[in-house]
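**Student:** Can you read through this structure? Questions will come right after.
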Amino acid sequence: MSVVLGAPDEAELLARAFDYPYVAPDGAYLFRAGEAVPLPGGYDLAGRAPVLAHGSNRAPAQLLRKFGREGQGADGELPVTPVWLSGYDVVFSAQFALYGALPATLHPSPGTRVRVHVTWLTEAQRAIMDRSEGLAAATPRYRLLPLPGCVACDLSGDLSDAPAYLALTGALAPDGVPVAFTNVRAEGRRFAAMDGRQMIARIARELFQCEAEALIRRIVGNMEERDRATAVLERLALKP
């Protein structure tokens, strides 16, 4: 895993938008020195706060972008453990990220459980994660909120009211119901599911009358264009 400095080429730019929420190990891992390594047995989670990672924050590639190879504290380590989250699904939010993706949020879905992760953050790591999610922005798009319900963690037992970064724009619902991510494993899924490329292609065609690639080129790195596009999506949102 490596960081490419400078402006990305077009293939990298499009992949970052289309491939969201990126590849993540199904099991527990330790993010250390910019890489995912197996989490040692009996790893001490004391002094760390659990935060649900249902989108790209569960993926080593995104953690590398946010924390770099040093990991920002605790000897540069960040443990990530898998969980089953009951009563919700991971769906597309009604907004565009600056890098062109349609980010994930959670939406109630009785009878569904999804395979997500928990990032165990030190205080310093939590501050970095909060900044990366724009919690202190003039117009924040996310809020860290406790999630009512039971989160069954493979390694640490059940977690009650674990917090998650939830999109204030709500879930994107082009047909009146949310759309789930195909690349997030679920049981008892109620919503139709697509991958990022398919969903962006649909939105580009139906709402912006263009191809997905053209829409991504317009949005990436351009805050004004991103905000205008997000305003269009918000008309089709189910608010949280």
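The values are calculated or read from the model by the stated rules, or taken from the named source; none is laboratory data. Please read all numbers here as calculations on a predicted model, not as lab measurements. For neighbour counting, all protein chains shown are included, and Cβ atoms are generated from backbone atoms with ideal geometry for every residue, glycine included. SASA here: full protein model, heavy atoms, side chains in, ligands and nucleic acids out. Shrake-Rupley method; radii C 1.70, N 1.55, O 1.52, S 1.80 Å.
**Student:** Run the dipole for the chain about the Cα centre, Lys and Arg Cβ at +1, Asp and Glu Cβ at -1, nothing else charged, and hand back the magnitude in debye, nearest 20. If you can, show how the numbers build up before the last one.
**Tutor:** On the way: 25 positive and 27 negative charges, 90 e Å.
For the chain, the charge dipole is close to 440 debye.
**Student:** Still on this structure, please answer the following. Keeping all protein chains in place, calculate the accessible area per residue for the chain (probe 1.4 angstrom), answer in Å².
**Tutor:** Numbers: 10840 Å² over 240 residues.
Computed with neighbouring chains in place, this is 45 Å² per residue.
**Student:** Compute the helix-to-body angle for 196-207: its Cα long axis versus the longest principal axis of the chain, expressed 0 to 90° and rounded to tens.
**Tutor:** It works out to around 30 degrees.
**Student:** State the answer as a single residue: which of Phe31, Tyr99, Met129 lies farthest towards the positive end of the charge dipole of the chain, with beta carbon charges of +1 for Lys and Arg and -1 for Asp and Glu, about the Cα centre.
**Tutor:** Most positive-ward Cα: Tyr99.
**Student:** Something else: Of all the accessible heavy-atom surface of the chain, with the other protein chains kept in place and a 1.4 Å probe, what percent is carbon and sulfur?
**Tutor:** Working: 5690 of 10840 Å².
C and S fraction of accessible area: 52 percent.
**Student:** Next question. Roughly how many Å is it from the Cα centre of the stretch 9-37 to that of the stretch 162-240, as a whole number?
**Tutor:** 19
**Student:** What does the charge count near Ala214 come to, summing +1 for each Lys or Arg and -1 for each Asp or Glu among other residues with Cβ under 15 Å from its Cβ?
**Tutor:** Working: positive: Arg197, Arg202, Arg205, Arg217, Arg218, Arg226, Arg228; negative: Glu10, Glu206, Glu211, Glu213, Glu225.
Within the 15 Å Cβ shell, the charges total +2.
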